[in-house]
Amino acid sequence: MSVVLKTPSTFQQYKTLLRKDLEQEFRTKEMITSMGIYALLVLVVFGAALGQTTQALDLLQVSGGLLWTLIVFTSLLGLNRSFNHEKEQGCLEGILLVPLDRSVIFLAKATSNILFLLAVEVITVPLFYFFFLTAVTPGESFWLLVLPLLVGTIGMAGIGTLLSTITVNTRGKDVMLAVLFVPIIFPLLFACASATTAIIVGAEGAMDVFYPALLLAAGYDVIMLLLSWVLYDFVISA
Amino acid sequence: MANAKKSHALPEGGQWPDAIAFWAVLAGAVLTTIGFLMAFLYAGPVNGASVDGMPEMIGGQMVSSKLLLSQKIFYFHMPVAIVSFGALAFAGYYSVRFLMTKNQRYDTCAKVAMEISLIFVVCTMITGDLWTRFEWGVWWTWDPRLTTYLILMLIIIAYFVLRGFIDEPERRSIYSAVVSIIALVDVPICLMITRMIPSSIHPVVLREGGMTGDMGMTVGVCMIGMILLGFGMYRLRFRQVRLAQRVQALKDELEEN
Amino acid sequence: MNPVLAEIYSTILPSAPFIIAAYALMWLVLLIYVVMVVRGLKKTEAQMSILEEQVAELRAQKH
Amino acid sequence: MQAAITTKKLSKVFGTRKAVDNISLEVPQGAFLSIFGPNGAGKTTLLRMLSTLSRPTSGTAKLMGIDLKEDADKAREHIGLISHNSMLYPDLTAEQNLLLYAQLYGVQNPHERVMEMLEAVELKHRRLDVVRTFSRGMTQRLSIARALINDPDVVFLDEPYSGLDPHAVEIFDELIASQREGRTFVMVSHDLQKGFDMCTHALVLARGKEVAFGPKEEFEFGAFSLLYRETVGMGVS
């Protein structure tokens, strides 16, 4: 009956925790549906907002910003709900009782948030193109916008995970997350939006805006994710 | 500094820094007023756009461009901005100390430092915005410096909103320490990113060319004045908060037995 | 005041209100803050003295 | 034989309030310690500190000889916690939940162990059902299986009976009895009678301070409940 314990490697812990999140999502599909529908609704709001502008407004210039507005608010919704399962039955304490490095919890939860956000983006970005960019002709290499999308999503979901861990047990939690998230994520948002707009417009100087912006966004990701990794142990066991 | 030998140390105010807090505020006030006067009387005006026509002889110098008064705001704008960053750095330092030692005293230091940073950021925004209003004729442009201070102000406001939303002292101080460290890392990145991405819409007007001797002197005086003022206000506020905590602790003690 | 000289000084007058507003507002913000802190200090010191009286009473009752 | 739990001057301070105040006690291995006291006496805070869920402000605590401040992770291998919330993922099946914890603890051949525990709590037939569909009694039994998945030496029970009907309580007691040998139990409960019956050692807390501690033989139940009434009186005044 006696049980032999062999402390698993960090990577195994990471895989187990990630599989738990993914299994839960496959069963309930709660995160993806709610974020997907929410993104669709934001698109509809954009449509209403820009409907009356006829041709006066050059959609090319604006669409980069619109796309990132959509992503910020969708990720805010997703991040707010990312800890629901943990809080519901006190499972977070169950995980904290396990002898593992707390930052692995951060890595696993950040990865699952990134994957959910990317899954939603795979649906909504083509829809965004369909709704807004078919009327105008974007620059020929506009498909490169996948790069800022990827860098931006990793950054937002990563730092967002740390912030949602903080706000999950404060009162007024969804307002609190937005209040913290938007100013802190501003540099990444600014860099990605500039890169995306530059690439969509495709004007002649686009490339020497696109690459520095992308590089800076990646730099932001690295610094902030490392910082979140270091600070996570304090936050989760507070 | 705090002697924790007592079984449960009551929160107490600072020791030697408090004595000089009052003098610091005084010295700061005096120096800033001197700086104010120097800005207008001593420092030479800065040349604005060049004037088409013959240069004129004014005060022993050949002047060939518009003389700018608006540049005078700079003498207070730059020191105030530096102090707000300095206060943020202090808050970050105390937050790290708090996370290492979990001593509530450092949490109070960080909170007060953040307050000072907020006050000075508000001042920076006022002076910066008015300068923009005159210089570029618009109330707001997404100019790198102004956006960075806006983000700094928003993060500090978020810091205080977060503090307001949590009641448990221990959890509140841990979360605020983490947010303040993130702010300390995030704001310089924001300054860098907004400045380095060539925003196609609006060329960044960088006018702070070389500073002549007298201008440097004025900025120096204002700078020292502002730092002293900031430090003095910090100590004053810190003493007030600690005293309030001490009163509260005494009340609890009295209720108990 | 020949036209060139006039132009040299042309920005002084219109910019004056902004300069004054900048310095005045900033000075005001700093002043309000210091006043609030000092008033808070006075209030807390008053509470402290009340507490000291209460402690004195308690001690008196004990003996 | 090394003591299961030893604490010296263990304290926990929230702001200025001393939730737990200089508790020093020693619990031998295999004992069943019941902790009594009014609300706010610090029972749960003490339990959370001993189970490494919160860090003590001062004092030392050793579990199976491992210092909780220095080496909390090593101590966690020997700990199981059963509380009124089940710590199970409602949208995962019973088997997935146990497998998750088994793998996190690094149990060798986890599937075998999971089946073994499911059998022990008689939930093997429901292993593919989602925990959300379980009754309160079944969830509590699965929670026992989760807490014992890593074969802990010390099991903490934080008011495990809340919300259980008499029949579920009976099954719960049987399960605890069956898993009793070689393990130390620490229970926080408001049920004076039940707590006293099951325990070998009793600890009474009031306002964070230790009022009485010792093996059950030292207390005769009548005197004990009288002592408890006084402490409750003192605690709540």
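The values are calculated or read from the model by the stated rules, or taken from the named source; none is laboratory data. The structure displayed is predicted, hence computed values, not measured ones. Cβ sites come from the backbone with ideal geometry, for glycine too, and all protein chains shown count toward neighbours. The area values use the complete protein model at the heavy-atom level, side chains included, leaving out ligands, DNA and RNA. Shrake-Rupley method; radii C 1.70, N 1.55, O 1.52, S 1.80 Å.
Any residue that is within 11 Å of another protein chain (Cβ to nearest Cβ), closer than 30 Å to A:S228 by Cβ, in contact with a Leu (Cβ under 8 Å, 6 or more places away or on another chain) and modelled with pLDDT of 80 or more - is there at least one of those in the stretch B:219-231?
no
Are there any helices (runs of 4 or more DSSP H) wholly within the stretch A:1-86 with 1 or more residues that are open to solvent by 60 Å² or more (accessible area, probe 1.4 Å) and within 30 Å of D:Q108 (Cα to Cα), and if so which?
A:10-28
Do you know which residues across the stretch D:4-14 are aliphatic (A, V, I, L, M) and either farther than 30 Å from B:V247 by Cα or part of a loop (DSSP other than H, G, I, E, B) (or both)?
Of everything in the stretch D:4-14, those that are aliphatic (A, V, I, L, M) and either farther than 30 Å from B:V247 by Cα or part of a loop (DSSP other than H, G, I, E, B) (or both) turn out to be D:A4, D:I5.
What residue, of C:V4, C:V37, is within 7 Å of another protein chain (Cβ to nearest Cβ) and either farther than 18 Å from B:R237 by Cβ or among the hydroxyl-bearing types (S, T, Y) (or both)?
Selected residue: C:V4, the only one of C:V4, C:V37 that is within 7 Å of another protein chain (Cβ to nearest Cβ) and either farther than 18 Å from B:R237 by Cβ or among the hydroxyl-bearing types (S, T, Y) (or both).
Within the stretch D:91-106, which residues are open to solvent by 10 Å² or more (accessible area, probe 1.4 Å) and either under 19 Å from A:L96 (Cα atoms) or in a helix (DSSP H, G or I) (or both)?
Residues satisfying the conditions are D:E95, D:Q96, D:L99, D:Q103, D:Y105.
For the stretch D:15-27, give me each residue that is β-branched (V, I, T) and either assigned to a strand (DSSP E or B) or touching a strand residue (DSSP E or B) at 6+ places or on another chain (Cβ under 9 Å) (or both).
Once the filter is applied, which keeps residues that are β-branched (V, I, T) and either assigned to a strand (DSSP E or B) or touching a strand residue (DSSP E or B) at 6+ places or on another chain (Cβ under 9 Å) (or both), the stretch D:15-27 yields D:V20, D:I23, D:V27.
Would you point out which residue out of D:I35, D:I66 is surrounded by fewer than 21 Cβ atoms within 10 Å (Cβ to Cβ), aliphatic (A, V, I, L, M) and modelled with pLDDT of 85 or more?
D:I66
Between residues in the stretch A:67-92 that are within 25 Å of A:A39 (Cα to Cα) and residues that are modelled with pLDDT under 85, which pairs lie under 6 Å by C-beta distance while being six or more apart or on different chains?
Once the first residue is within 25 Å of A:A39 (Cα to Cα) and sits in the stretch A:67-92, its partners that are modelled with pLDDT under 85 give A:N80/A:D174.
Quick one: count up the residues across the stretch C:8-34 that are within 7 Å of chain B (Cβ to nearest Cβ) and modelled with pLDDT under 85.
12
Determine if the stretch D:133-143 includes at least one residue that is farther than 30 Å from A:S9 by Cβ, β-branched (V, I, T) and at pLDDT 90 or above.
Taking every residue of the stretch D:133-143 in turn, at least one turns out to be farther than 30 Å from A:S9 by Cβ, β-branched (V, I, T) and at pLDDT 90 or above.
Can you find, within the stretch B:116-129, the residue that is most open to solvent (accessible area, probe 1.4 Å) among those that are in contact with a Leu (Cβ under 8 Å, 6 or more places away or on another chain), among the hydrophobic types (A, V, I, L, M, F, W, C) and more than 7 Å from chain C (Cβ to nearest Cβ)?
Taking the candidates together, the pick is B:M125.
I need the full set of residues from the stretch B:130-152 which are part of a loop (DSSP other than H, G, I, E, B) and open to solvent by 40 Å² or more (accessible area, probe 1.4 Å), in order please.
Hits for the stretch B:130-152 are B:G137, B:V138, B:W139, B:W140, B:W142.
For C:Q61, work out the one condition from (1) open to solvent by less than 50 Å² (accessible area, probe 1.4 Å); (2) out of contact with any helix residue (DSSP H, G or I) (no Cβ under 8 Å at 6 or more places or on another chain) it doesn't fulfil.
(1)
Please state which one of A:V146, A:V222, A:V230 is surrounded by fewer than 22 Cβ atoms within 10 Å (Cβ to Cβ), β-branched (V, I, T) and at pLDDT 95 or above.
A:V222
Tell me, which residue of the stretch B:18-54 that is hydroxyl-bearing (S, T, Y) and either open to solvent by 40 Å² or more (accessible area, probe 1.4 Å) or out of contact with any Phe, Trp or Tyr (no Cβ under 9 Å at 6 or more places or on another chain) (or both) is modelled with the lowest pLDDT?
B:S50
Looking only at the stretch A:26-44, which residues are of a type in the set (S, T, Y) and either closer than 18 Å to A:T153 by Cα or within 16 Å of the chain's Cα centre (by Cα) (or both)?
Hits for the stretch A:26-44 are A:T33, A:S34, A:Y38.
What are the pairs, 6+ residues apart or on separate chains, where a residue within the stretch D:103-122 that is away from chain A (no Cβ under 12 Å) and more than 17 Å from A:P8 (Cα to Cα) has its Cβ under 8 Å from a residue that is open to solvent by 10 Å² or more (accessible area, probe 1.4 Å) and among the acidic types (D, E)?
D:L118/D:E95
For the subset of the stretch D:123-162 comprising residues that are within 10 Å of chain A (Cβ to nearest Cβ) and part of a helix (DSSP H, G or I), which member is nearest to D:L100 (Cα to Cα)?
Per the criteria, the residue is D:R146.
Any chance you could count how many residues in the stretch D:28-86 are part of a strand (DSSP E or B) and of a type in the set (V, I, T)?
Number of matching residues: 5.
Read through the list (1) touching a residue at least 40 places away in the same chain (Cβ under 8 Å); (2) crowded, with 17+ Cβ neighbours inside 10 Å, then give the number of the only condition that A:S141 fails.
Answer for A:S141: the failing condition is (2).
Among (1) at pLDDT 85 or above; (2) within 9 Å of another protein chain (Cβ to nearest Cβ), there is one condition B:E253 misses while meeting the rest; what is its number?
(1)
So, of the residues in the stretch A:169-187 that are farther than 13 Å from B:G164 by Cβ and open to solvent by 20 Å² or more (accessible area, probe 1.4 Å), which turns out to be modelled with the lowest pLDDT?
The qualifying residue modelled with the lowest pLDDT is A:K173.
With the structure loaded, tell me whether D:L88 is within 8 Å of chain A (Cβ to nearest Cβ) and open to solvent by 10 Å² or more (accessible area, probe 1.4 Å) or whether it fails that test.
no
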